Every structure is written in C-alpha cells, then in structure tokens.
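The values are calculated or read from the model by the stated rules, or taken from the named source; none is laboratory data. Keep in mind that what you see is a predicted model, and the values were worked out from it rather than measured. All Cβ positions, even for glycine, are placed from backbone atoms using ideal geometry, and neighbour counts span all protein chains on display. Please note that ligands, DNA and RNA were not included when accessible areas were found on the heavy atoms of the full protein model with its side chains. Shrake-Rupley method; radii C 1.70, N 1.55, O 1.52, S 1.80 Å.
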Amino acid sequence: MSEPTSFLGGCTCRHIRYRLLGKPLFVHCCHCYWCQRETGTAFALNAMIEAERVQLLQGEVTVFETPTQSGKGQKISRCPKCGIAVWSNYAGGGDAVRFVRIGTLDEPARLPPDIHIYTASKQPWVVLPAGVPAEAEYYRASERWPAESLERRAALLAKFPRER
C-alpha cells in the first residue's frame, strides 16, 4: 500500500507551516463577489479537507470572523505576523472542514480546481478552462464529488451531526 499524499504549505513570512494529510475532498475555484472582495482578486481557490487532516507544524493562527453572503459568516485563519489567510471554516462545515487557500501551498500547481463555482459573477476577462466543470452558482456534492470524497463526507457528518 502506498503512503498517503501530503502537501506542505504556509504563510509568506513562514511563521505558519502546515501539512495536508491526504488529498482534499474537492477543490473549488469560487468566482463570487464575496470571494473577490476577500482575496482582492478575481476568485478564491480553496481545497476542502477535513480539519483533522490539516496538521499545524509551526506557529499559531489568528482567527477572524467575517460576514458572508449566506449571513452565517466564516472564520478566516491568518498568520498573526504577515496577515496571510491560510484557511477558512464556513458555517456549513463548522470546525470540521477547512477551506485551505491553494496559494499558500508550497506546490499549488498540484491541486488545480475540480470545479468553478459562482461563475455568473466571474470577471468577464477570466477564461475558464475547457473540461473543468463550472456552475453559475453552487452545486450538489452528490452530483460532482468523487465517490471517495462522498464517503469521507458521510463519515464527517456521522461524527459531527449538525443541529437541525
């Protein structure tokens, strides 16, 4: 059996260093106006992964709570020294799922987007690549995620059931 894939990353000043233990559940390239504002650019590129698979190797993050379009907010974990956002937690996944900023990985090209979302608000000069799924808004994970990721999501939901 082969070793699980891992990915190293961190902030610009290298105060924060982390490792992803395995492949993400799914990689989003989000073109919504909120992500554009948050990143100061045309989109946010995030790897969704179980929080337990994100190993903080060095430093401590500072968590900032910011509003979102849903009104439920997000927690953005940033380096307290250089301010770089390394990951977020959204209300939907709570503390169990992290949205790791692909640009903070040492080798970001290893995790291209699995899907482009909220393309209805993408900047008109952004050209989406052929062959990568795109949605005008969001999507159903059951229709887009690979079976392995759906199984991992089901295991997470069993561990961390949401209050209904």
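Heavy-atom accessible area per residue, segment 16-164, 1.4 Å probe: how many Å²?
Here the per-residue accessible area is 56 Å².
Taking the Cβ of residue 18 as the center, what net charge do the other residues with Cβ under 14 Å away carry, scoring Lys and Arg +1 and Asp and Glu -1?
+2
Please go through the residue pairs 23/75; 81/122; 75/159 and name each one whose alpha carbons sit more than 29 Å apart in this structure.
Cα-Cα > 29 Å for 81/122; rest within.
Compute the signed sum of charges (Lys and Arg +1, Asp and Glu -1) over the other residues within less than 11 Å, Cβ to Cβ, of residue 81. Display every interim value, and only then the final one.
On the way: positive: 14, 78; negative: 60.
Net charge around residue 81: +1.
What's the ranking of 122-129, 50-57, 6-13 by average number of surrounding C-beta atoms within 10 Å, highest first?
6-13, 50-57, 122-129
Please compute the contact order of segment 1-150 in relative form: average sequence separation of alpha-carbon pairs under 8 Å and at least six residues apart, divided by the residue count, as a percent.
Here the relative contact order equals 26 percent.
Could you look at segment 65-134 and say what percent of its accessible area is carbon and sulfur, using a 1.4 Å probe and all protein chains?
Using a 1.4 Å probe with all protein chains present, segment 65-134 comes out at 54 percent carbon and sulfur.
Using the reciprocal of the averaged 1/r over all distinct C-alpha pairs, how large is the Kirkwood radius of segment 1-51 in Å?
Taking every pair of different Cα atoms in segment 1-51, averaging 1/r and inverting gives 12.8 Å.
Please give the net charge around residue 27, taking every other residue with its beta carbon less than 12 angstrom from that of residue 27, where Lys and Arg add +1 and Asp and Glu add -1.
Result for the local shell: +3.
Can you find, among 126, 5, 67, the residue sitting farthest towards the positive end of the charge dipole of the chain, where Lys and Arg contribute +1 and Asp and Glu -1 at Cβ?
About the Cα centre, the residue reaching furthest to the positive side is 67.
Which one is right for this structure if P(r) over Cα pairs in 5 Å bins from 0, in percent is calculated from it: [x] 2, 8, 17, 22, 21, 17, 9, 3, 0, 0; [y] 1, 7, 11, 14, 14, 14, 11, 8, 6, 4, 4, 3, 2, 1, 0, 0; [z] 1, 8, 13, 17, 16, 13, 9, 7, 5, 4, 3, 2, 1, 0, 0?
[x]
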